[in-house]
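Accompanying notes for the structure given below.
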Amino acid sequence: MSGAAGGGGGSSCQGAAAAASCSSAGSPYAAAAGGGAGAAGRLPARVLEHVFSYLEMTDLMRCALVCWHWNNMLADENSEVWRSLCSRSLSDEAMRSDILCNLPTYKGKLKAYQHALSSHDCSRNVYVKKNGFTLHRNPIAQSTDGARGKIGFSEGRHAWEIWWEGPLGTVAVIGLATKRASMQCQGYVALLGSDDQSWGWNLVDNNLLHNGEVNGNFPQCNNAPKYQIGERIRVILDMDDKTLAFERGFEFLGIAFRGLPKACLFPAVSAVYGNTEVTMVYLGNPLDG
């Protein structure tokens, strides 16, 4: 069954404040942080691995700050420690299916779960399935419904994949939203991009949307191909350069939005078609080239 791999189902922001919260200062491990001089820092690797395999993600991240020995133990992202946490936190469906096929390590899969679409920060007309990554929209007439990721970003570079597993309908938008952006409205509209708190790419008509206006077509080429159901779109957010870009099939489509605000921005989607499903998987820091 799916559990919590650190953090709740709501949304928070990953930035300087979040990084500071991972500091070992004030934690029960801080006393042992003096270069691993304590007895715990000298425990054999097999003993440490066994102990670590019972801890949750937040505890493991703090343990990595204690000393070089502990950090080195946790550096192997496919170790028994991360495998054990995966088995406790992720659903069997997520582990068996190809949802996480682009994440080769157990730690990467856990981070993806931490950053997945939130079941508590979404329209009342959608829910996240038991696999922990797929959003299902109920067949509600005259409603547009969205969801934000569990974690937003105020700094750094981040990438995630999104794909539709059902009909798009008249509007299907992927992009970004602040915490203030609405995740539900009446009628069938492009919810993301309908105000100054969100930015979206409508996959149906290839329009870019922000502040209630169309910001041009995307990608900027003649006869751009329409989105195909099941096709994975890679979203690339650079909070240092304040840009949002997209890839499709490992082809870089270009920068869609520039001049993003210095705010906490969340991955987001909005849909209108009844019983359609959308999956989002966080990939981490994008690879250049």
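The values are calculated or read from the model by the stated rules, or taken from the named source; none is laboratory data. In this text the structure is predicted, and so the values were computed from the model without any measurement. All Cβ positions, even for glycine, are placed from backbone atoms using ideal geometry, and neighbour counts span all protein chains on display. For the accessible areas, the whole protein counts, side chains as well, though only heavy atoms, and no ligand, DNA or RNA atoms are used. Shrake-Rupley method; radii C 1.70, N 1.55, O 1.52, S 1.80 Å.
A quick yes/no check of all residues on (1) farther than 24 Å from W201 by Cβ; (2) assigned to a loop (DSSP other than H, G, I, E, B); (3) of a type outside the set (S, T, Y):
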| site | (1), (2), (3) |
| --- | --- |
| S118 | no, no, no |
| G132 | yes, yes, yes |
| L135 | no, no, yes |
| I140 | no, yes, yes |
| G146 | no, no, yes |
Report task. Specify the residue that is surrounded by the fewest Cβ atoms within 10 Å (Cβ to Cβ); the eligible residues are those in segment 22-64 that are among the aromatic types (F, W, Y) and modelled with pLDDT of 90 or more. Result -> Y54
**Report entry** Checking I255 against (1) out of contact with any strand residue (DSSP E or B) (no Cβ under 7 Å at 6 or more places or on another chain); (2) of a type in the set (A, V, I, L, M); (3) open to solvent by 50 Å² or more (accessible area, probe 1.4 Å), the condition it does not meet
**Finding:** (1)
Report summary line: Considering residues that are part of a strand (DSSP E or B) and touching a Lys or Arg at 6+ places or on another chain (Cβ under 9 Å), the number found within segment 266-278 is 7
Report summary line: Being out of contact with any strand residue (DSSP E or B) (no Cβ under 6 Å at 6 or more places or on another chain), at pLDDT 95 or above, under 29 Å from L287 (Cβ atoms) and among the small types (G, A, S) narrows G132, G193, G169, G146 down to just G132
